[in-house]
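Notes follow once the structure below has been shown.
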Amino acid sequence: MDGVIKTNDEGIDALTEEDIMEWVSEEEDRLSEIQLFRLVLIWCKRCGIAQFLHFTKYINFSRFPPQERSIADIDEYITSNINKHFEELPKEYTDELKKQIDNALYQSELLHSEDVEMITGKESFRWMPYYRMYPGENFPWHILHEVMAEDARKLLVFKVFDGRQYWTLACTIAGIYNYDQDPIVIGSGNYEASIFMSRHSDPRGMVKLAREYVIELLSQRLDIYFKKKGNTFISLIGLKAGKDEQETILSVALDRFDRSFMQSNVGSRIRKQYVVAFEIFKLSPQPHVDYKPYHQAE
């Protein structure tokens, strides 16, 4: 990627929507988040506002400098930049931008707003983006191991296709899990987990795991089961697909969700379906603080 926008606005008019997407999703040679936000503002002003909120999903607001980070009511810095490039940004845009900044789950490509509201409920958790798997990438088991080993609440979001429709599975997990250690029993210490399932329509499924559920993390396998493996709720398995390629499959026991969810999904099965997209979010220790750099895929 060249440096056409690093020092001035020259050349922005020549950038296409695909170019902007490449800039905001770049990890290895990434601009600062402030530069990316400014780029999105300028390009959308000149070329069209329609993609504004889509592009801002790829900006990690928790990496803004401290004086530009407190943005619950749209920080002065962002407001001034918006006003500089737009006479008036439509209210629905500013409202949605506030949501994205205040809670990074609204930046998810896999969760809808209704999904986020059900997952978070009345809790005032402030999530930040940690990792996003792009099409064509192998499943990042090394990153999953790393985030699971941290003493932080994490949210793992998976997208699978069952041959008819797409499903989104989200696992909220608290506690430290090191791979290849003894399985961890929910309810012991500070270990807890909740499982969310959605087709982005009602009813959505939500289960808070009871005591005696077990989480077991291996090199390329993650299992959640009740007491013993024969009672598996969720199974994530990595498979070798070629010399340098890997496929990851997901199985979910839909009968663990409530009756209304089951009645709306009679005949549906999530059994050994390929994971087509994956995201990780992590709970911020305090509002808008990214205490570890946004992860890069290897």
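Condition check: touching a residue at least 40 places away in the same chain (Cβ under 8 Å), closer than 19 Å to THR168 by Cβ, open to solvent by less than 50 Å² (accessible area, probe 1.4 Å) and in contact with a Leu (Cβ under 9 Å, 6 or more places away or on another chain). Does SER235 satisfy that? Here the answer is no, as SER235 does not meet what is asked. Taken together, the residues in the range 161-181 that are open to solvent by 40 Å² or more (accessible area, probe 1.4 Å) and at pLDDT 90 or above amount to 4.
Quick one: would you say GLU123 is at pLDDT 85 or above, in a loop (DSSP other than H, G, I, E, B) and open to solvent by 50 Å² or more (accessible area, probe 1.4 Å)? Spelling it out, it is not the case that GLU123 is at pLDDT 85 or above, in a loop (DSSP other than H, G, I, E, B) and open to solvent by 50 Å² or more (accessible area, probe 1.4 Å).
Within the range 97-116, restricting attention to residues that are of a type in the set (Asp, Glu) and surrounded by fewer than 16 Cβ atoms within 10 Å (Cβ to Cβ), the residue that is nearest to PHE64 (Cα to Cα) is GLU109. Across the range 97-108, the number of residues qualifying as outside any helix (DSSP H, G or I) and over 13 Å from ALA170 (Cβ atoms) comes to 1. Apart from one condition, THR94 fits all of (1) surrounded by 19 or more Cβ atoms within 10 Å (Cβ to Cβ); (2) at pLDDT below 90; the exception is (1). Counting the residues of the range 182-225 that are part of a loop (DSSP other than H, G, I, E, B), within 15 Å of ARG153 (Cα to Cα), among the polar types (S, T, N, Q) and open to solvent by less than 60 Å² (accessible area, probe 1.4 Å) gives 0.
Of the residues making up the range 6-32, those that are open to solvent by less than 40 Å² (accessible area, probe 1.4 Å), closer than 22 Å to TYR93 by Cβ and either of a type in the set (Lys, Arg) or at pLDDT below 85 (or both) number 1.
Does GLU247 qualify as being surrounded by 14 or more Cβ atoms within 10 Å (Cβ to Cβ) and either modelled with pLDDT under 95 or not in a strand (DSSP E or B) (or both)? For GLU247, the condition - surrounded by 14 or more Cβ atoms within 10 Å (Cβ to Cβ) and either modelled with pLDDT under 95 or not in a strand (DSSP E or B) (or both) - is met.
The values are calculated or read from the model by the stated rules, or taken from the named source; none is laboratory data. Please read these numbers as outputs of a predicted model, since none were measured by experiment. Glycine gets a Cβ as well: all are built from the backbone with ideal geometry, and neighbour counts include every protein chain shown. Only protein heavy atoms, including side chains, enter the accessible area calculation; ligands, DNA and RNA are left aside. Shrake-Rupley method; radii C 1.70, N 1.55, O 1.52, S 1.80 Å.
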